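Here is the structure we will look at, set down as structure tokens.
The values are calculated or read from the model by the stated rules, or taken from the named source; none is laboratory data. All values derive from a computational prediction rather than experimental measurement. A quick note on method: Cβ atoms are made from the backbone with ideal geometry, for glycine too, and the neighbour counts reach across all protein chains shown.
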Amino acid sequence: MSVTKLILAVLEGFKSRVPSSKQILTVYSFVLFIAAGWSIYSFLFNLPSSLYYFNTFQIISVFSYVMAFTLFESILVLLALVAIGIVLPGKWFRDCFTYSGPLVILVGGVASVRLQDSMRTGIPPLRWVAVGALLVLIACVVLIWLFHKVTALQKIFLKVVEQFVIFAYIYVPLGLLGMVIVLVRNVLQ
């Protein structure tokens, strides 16, 4: 077997382990909605105090940084989910990527908010973080299994998740515009 045929065979095998582009778009839209929603919420929460210290252009610049980072962050999260789909057996994650990816994001998002809230009083002990990570893993496995077994629940969740695709058409251009503003601002200074 020639090297070219070997490389093509490996690439074909790799391609069969990756979720479809429609699945990836659906999950990415959900990831982007959660990430951008949280980022915009945090930005708007801090906006009243920012008005006292920054002018309009500086506030737009800060928002641009927020949206550019959110776009980058959501791509990294999506790549992590796709990597999980590649590594795990197909029936466990890849074949049900459209609902298992958002379930992992929901559980992880709730855990992140809880961790962030607990850090207001100080850094929690490593033992608590490890127990929390284990609980997140168990919750993800149980929810994915439940959704895999109960098709009615799966269909309802999929109908809801598919509606988030519209947000990709809003947040991706905002993130790209944010990147352009960040690049222009850093090049001109």
Quiz item: Are there any pairs with C-beta distances below 9 angstrom linking a residue in segment 165-189 that is more than 16 Å from S74 (Cα to Cα) to a residue that is among the β-branched types (V, I, T) and surrounded by 12 or more Cβ atoms within 10 Å (Cβ to Cβ), with the two at least 6 apart or on different chains, and if so which?
Solution: I181/I60
Practice problem: Would you mind finding the one in G132, G122, G85 that is at pLDDT below 90 and touching a Pro at 6+ places or on another chain (Cβ under 6 Å)? | Solution: G85
Practice problem: Please verify whether segment 137-150 includes one or more residues that are in contact (Cβ under 8 Å) with a residue 12 or more places away in the chain and within 13 Å of the chain's Cα centre (by Cα). | Solution: no
Quiz item: Residues in segment 131-148: is at least one surrounded by 12 or more Cβ atoms within 10 Å (Cβ to Cβ), β-branched (V, I, T), in contact with a helix residue (DSSP H, G or I) (Cβ under 9 Å, 6 or more places away or on another chain) and closer than 20 Å to V113 by Cβ?
Solution: yes
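Taking S100 as the residue in question, decide whether it is over 27 Å from V18 (Cα atoms) and of a type in the set (S, T, Y). Outline the logic, then answer.
On the way: over 27 Å from V18 (Cα atoms): no; of a type in the set (S, T, Y): yes.
No; evaluated as a whole, the condition is false for this residue.
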Self-check item: Count of segment 154-164 residues which are over 17 Å from L25 (Cβ atoms), without any contact (Cβ under 8 Å) to a residue 12 or more places away in the chain and not basic (K, R)
Solution: 1
Exercise. Could you please let me know if L47 is part of a helix (DSSP H, G or I), within 29 Å of F147 (Cα to Cα) and either among the aliphatic types (A, V, I, L, M) or in contact with a Lys or Arg (Cβ under 9 Å, 6 or more places away or on another chain) (or both)?
Key: no
Self-check item: Neighbours by Cβ (under 6 Å, 6+ apart or cross-chain): first from segment 21-44, farther than 20 Å from F93 by Cα; second among the charged types (D, E, K, R)
Solution: A35/E73
Self-check item: Residues of segment 88-112 classified as at pLDDT 85 or above and exposed (fewer than 13 other Cβ atoms within 10 Å of the Cβ), total
Solution: 1
Quiz item: Just checking, which of R120, R185, R127 is more than 30 Å from I60 (Cβ to Cβ), of a type in the set (K, R) and either surrounded by fewer than 17 Cβ atoms within 10 Å (Cβ to Cβ) or out of contact with any Leu (no Cβ under 6 Å at 6 or more places or on another chain) (or both)?
Solution: R127
Exercise. Report yes if G122 is small (G, A, S) and under 20 Å from the mean Cα position of the chain (by Cα), otherwise no.
Key: no
